[in-house]
Every structure is written in C-alpha cells, then in structure tokens.
Amino acid sequence: MPRELPKPPKTVDLHADSFLMDWEDYDAAELLMESIDRLRETLDAAIYWDYNEIRYIHGKGKGTLREAVYAELRAYKNSNAIANFHPAYHNDDIVVVHIGL
C-alpha cells in the first residue's frame with residue numbers, strides 16, 4: 001500500500017503557538033526548529049499533492065523566523081523542488097511559494 005501524505009492547508013501559520021499545545025515548554029531555538037520542521041512537512045506534502053502554491057505566515061517580530069524560512073526556501077529552490085517564492089502582495093508577513101512553473 002503506497003504511503004500518502006496528508007493534504008496540507010493552502011496557508012500555514014508557522015508560529016509555534018498555532019500548532020504546538022505545549023509551546024511554552026520550548027526554548028526559542030527549539031521553537032524555531034519546530035517551525036522549520038512544520039514548513040518542511042507541509043511543503044513536502046504540497047509538492048506531493050501537486051499544489052501550484054502554498055503560503056506561509058511567518059509574521060514580523062525580530063525577523064528570526066522569517067530569515068530561517070527564507071533560508072529554507074532558498075535551499076528548496078536551489079534543489080529545484082520549488083519554482084520561486086516571494087513576499088505576499090499587500091502583506092509581507094506571508095511568503096508565497098510557487099511550486100510548479
């Protein structure tokens with residue numbers, strides 16, 4: 001039986017409090033890694049399900065999450081797993097990832 005990844009939402013909030021019940025028990029570095037793991041899981045699933053695009057909410061804050069998200073997306077782009085990514089028009093707290101060409 002082939003393994004299927006669950007379909008991710010079209011917009012994913014990467015703030016740990018949106019997907020971890022016990023987020024207060026983590027330190028900042030652990031929260032950042034959990035958020036990047038969430039990005040990887042949902043982006044891999046979006047690629048698997050042939051999404052055209054997926055959006056990630058990284059917010060403003062100090063920019064630590066945004067920088068980590070953009071670094072991860074550059075790695076995906078460099079490996080040709082995604083076509084491109086850019087800040088959402090009218091809301092730079094969100095990054096739009098274009099999966100197909």
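Give the calculated FRET efficiency between Ala28 and Lys77 to the nearest 0.05, with a Förster radius of 25 Å applied to their Cβ-Cβ distance.
E between Ala28 and Lys77, to the nearest 0.05, is 0.40.
With a cap of 11 neighbouring Cβ atoms within 10 Å, and only residues DSSP puts in a loop, list the chymotrypsin sites (Phe, Trp or Tyr not before Pro) found in segment 57-100.
Within segment 57-100, the qualifying chymotrypsin sites (Phe, Trp or Tyr not before Pro) (loop, at most 11 other Cβ atoms within 10 Å) are Tyr89.
So if each residue of separation counts as 0.36 nm, and I subtract the Cα-Cα distance between Leu5 and Thr64, what length gain in nm does that give?
Stretched out fully, the Leu5 to Thr64 stretch lengthens by 18.4 nm.
Residues of segment 20-101: accessible area per residue at 1.4 Å, in Å²? Provide the component values of the computation, followed by the final result.
Numbers: 5070 Å² over 82 residues.
Roughly 62 Å² per residue, with all protein chains present.
Based on Cα coordinates alone, diagonalise the gyration tensor for the chain, multiply each eigenvalue by 5, take square roots, and list the semi-axes in whole Å, largest first.
So the three semi-axes of the chain are 22, 18, 12 Å.
For Asp44 and Ser18, calculate 0.36 nm times their separation in residues minus their Cα-Cα distance, and state this gained length in nm to one decimal.
Result for the pair: 7.4 nm of gain on full extension.
In square angstrom, rounded to the nearest 10, how much accessible surface does Asp44 have for a 1.4 Å probe?
Here the accessible area works out near 70 Å².
Among all the lysines, which ones have a C-alpha under 28 Å from Lys62's C-alpha, if same-chain residues fewer than 8 places away are not counted?
Within reach: Lys10, Lys77.
If you take the square roots of the eigenvalues of the alpha-carbon gyration tensor of segment 57-101 and sort them as a ≥ b ≥ c, do you get rounded (a/c under 1.5), prolate (a/b over b/c) or oblate?
oblate
Which percent of the accessible area of the chain is formed by carbon and sulfur heavy atoms (probe 1.4 angstrom)?
The value for the chain is 51 percent carbon and sulfur by accessible area.
How do Ser35, Ser79 rank by accessible surface area computed with a 1.4 Å probe, from largest to smallest?
Values: Ser35 5, Ser79 80 Å².
I get Ser79, Ser35, largest accessible area first.
So in the chain, what percent of DSSP beta bridges are antiparallel if you round to the nearest 5?
Once the DSSP bridges in the chain are tallied, antiparallel ones form about 75 percent.
Which loop trypsin sites (Lys or Arg not before Pro) in the chain, with loop taken from DSSP, have no more than 15 other Cβ atoms within 10 angstrom of their Cβ?
Arg3, Lys10, Lys60, Lys62
The values are calculated or read from the model by the stated rules, or taken from the named source; none is laboratory data. Because the structure is predicted, anything quoted here is derived from the model rather than measured. No Cβ is skipped: glycine too gets one built from the backbone with ideal geometry, and neighbour counts run over all protein chains shown. SASA here: full protein model, heavy atoms, side chains in, ligands and nucleic acids out. Shrake-Rupley method; radii C 1.70, N 1.55, O 1.52, S 1.80 Å.
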